[in-house]
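J.: Input: one structure, supplied below.
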Amino acid sequence: MRAVVTGGAGFVGSRVCEVLINSGAEVVCLDNLLTGATANLGGLLGHPAFRFEHCDVADGFGSRAVAAALRPGVDLVLHLASPASPVDYLEHPIETLDAGSRGTRAALELAERHDARLVLASTSEVYGDPQVHPQTEDYWGNVSSVGPRSVYDESKRFGEALTAGYRRAHGTDTGIVRIFNTYGPRMRERDGRVVPTFVRQALAGEPLTIAGDGSQTRSLCYVDDLVDGLLAFARSGHPGPMNLGNPHELTVRRIAEDVIRATGSRSRTEHVERPVDDPGMRCPDITLARTELGWAPRVAWADGLARTVSWFRSRSRGAA
């Protein structure tokens, strides 16, 4: 199999590239490195079945180097390219919208040209601040189209609509997954998401900053489980949309307490203003994934957190 992974140098994308290479696939990784990093690709850069090209998917795949990389053919396109954390998409709103619109169209056209399957990595953020709990795939969401988070929410909602449109109009083999909160090694310390923020603060002995009263919930899926589900979905031929995430729901306050215990930190917690449109609940119904893929997350929160803390510790020792 020959796969193209857009956003392949990112937190999730780089792990996807590794698993594909280890399964015997050839991989072309495309990333503009806005939020990704070649350091995430590790030993892959020297692997004969792996090729990295610096590329902004919103500009298409017309450059000579990228065209040459794609010329042998493509069987699978995994479109993961997009800033995905609040810090990133609020700093890069237009780039985020472009990745979901122009980037998704370029990825779809590539899949159509090569008669390949395309998988769109969408997000639980399409549900907005949900009024249905847990969230099922047939829920249409509660999203502000003009709020600060809309640059991410609506880019993904448009990407879903475009993907479904190509399937209906052109018969393109497409699938949509909605990824819920994912954590693990290779997250950036200051990307603004709850786990890396709390771990960084705890290891530094700083107060853990809890937004609001901390009663809002998140459902955290370890990255290895998420990637297993994503690739199982790619193999399945299912059109989606399909939720992928861990239905074990935690309050933000509980996450902070668990991080303090896991790090052995003496940090305390402090409460800060809650961001605009911050969702109050987040929990996937994964019945469809269980039924169609036989998939469910296996890594317990305590184990995944321990692995994540260990990775952040090793990075801080290396920087010292």
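J.: Let me confirm something: among Glu270, Glu249, Glu292, which residue is charged (D, E, K, R) and under 28 Å from Thr6 (Cβ atoms)?
T.: Going through Glu270, Glu249, Glu292 in turn, the sole match is Glu292.
J.: Another one. Somewhere in the stretch 63-84, is a residue surrounded by 15 or more Cβ atoms within 10 Å (Cβ to Cβ) and free of Cβ contacts under 8 Å to residues at least 40 places away in the same chain?
T.: Within the stretch 63-84 (the criterion being surrounded by 15 or more Cβ atoms within 10 Å (Cβ to Cβ) and free of Cβ contacts under 8 Å to residues at least 40 places away in the same chain), the answer is yes, since at least one residue qualifies.
J.: So which residues in the stretch 228-252 are over 26 Å from Gly294 (Cα atoms) and surrounded by 18 or more Cβ atoms within 10 Å (Cβ to Cβ), if there are any at all?
T.: Scanning the stretch 228-252 gives a single hit, Val252.
J.: Let me ask something else about it. Please pick out the residue among Thr123, Thr136 that is hydroxyl-bearing (Ser, Thr, Tyr) and in contact with a Leu (Cβ under 9 Å, 6 or more places away or on another chain).
T.: Being hydroxyl-bearing (Ser, Thr, Tyr) and in contact with a Leu (Cβ under 9 Å, 6 or more places away or on another chain) holds for just one of Thr123, Thr136, which is Thr136.
J.: Taking Leu293, is it buried (at least 18 other Cβ atoms within 10 Å of the Cβ), out of contact with any Ser or Thr (no Cβ under 7 Å at 6 or more places or on another chain) and hydrophobic (A, V, I, L, M, F, W, C)?
T.: Considered against the rule, which asks whether it is buried (at least 18 other Cβ atoms within 10 Å of the Cβ), out of contact with any Ser or Thr (no Cβ under 7 Å at 6 or more places or on another chain) and hydrophobic (A, V, I, L, M, F, W, C), Leu293 comes out as no.
J.: Let me ask something else. Please work out which residue is surrounded by the most Cβ atoms within 10 Å (Cβ to Cβ), limiting yourself to the stretch 87-138 and to residues that are among the polar types (S, T, N, Q) and in contact (Cβ under 8 Å) with a residue 24 or more places away in the chain.
T.: Thr104
J.: Pairs, please: C-beta under 7 Å, at least 6 apart or cross-chain, first residue under 19 Å from Val77 (Cβ atoms) and in the stretch 22-42, second buried (at least 23 other Cβ atoms within 10 Å of the Cβ) and polar (S, T, N, Q)?
T.: Leu30/Thr6; Leu41/Ser14
J.: Can you name every residue in the stretch 223-249 that is in contact (Cβ under 8 Å) with a residue 24 or more places away in the chain and over 21 Å from Gly10 (Cα atoms)?
T.: Ser236, Gly237, His238, Pro239, Gly240, Pro241, Met242, Pro247, His248, Glu249
J.: Could I ask something else about it? So in the stretch 1-32, with the set limited to residues that are buried (at least 22 other Cβ atoms within 10 Å of the Cβ) and polar (S, T, N, Q), which one is nearest to Leu80 (Cα to Cα)?
T.: Thr6
J.: Next question. Got at least one residue in the stretch 176-192 being of a type in the set (Val, Ile, Thr), touching a helix residue (DSSP H, G or I) at 6+ places or on another chain (Cβ under 8 Å), part of a helix (DSSP H, G or I) and at pLDDT 95 or above?
T.: no
J.: Consider Pro284 against the criteria (1) surrounded by fewer than 18 Cβ atoms within 10 Å (Cβ to Cβ); (2) within 19 Å of the chain's Cα centre (by Cα): it satisfies all of them except one. Which criterion is unmet?
T.: (1)
J.: Continuing with the same structure: Could you tell me which residue of the stretch 139-175 is surrounded by the most Cβ atoms within 10 Å (Cβ to Cβ), considering only residues that are assigned to a loop (DSSP other than H, G, I, E, B) and free of Cβ contacts under 8 Å to residues at least 60 places away in the same chain?
T.: In this case the residue turns out to be Val143.
J.: Hey, does the stretch 49-58 have a residue that's modelled with pLDDT of 95 or more and surrounded by fewer than 15 Cβ atoms within 10 Å (Cβ to Cβ)?
T.: Yes, because at least one residue in the stretch 49-58 is modelled with pLDDT of 95 or more and surrounded by fewer than 15 Cβ atoms within 10 Å (Cβ to Cβ).
The values are calculated or read from the model by the stated rules, or taken from the named source; none is laboratory data. None of these values were measured; they are calculated from a predicted model. FYI the Cβ positions are ideal-geometry reconstructions off the backbone, even for glycines, and counts take in every protein chain you see.
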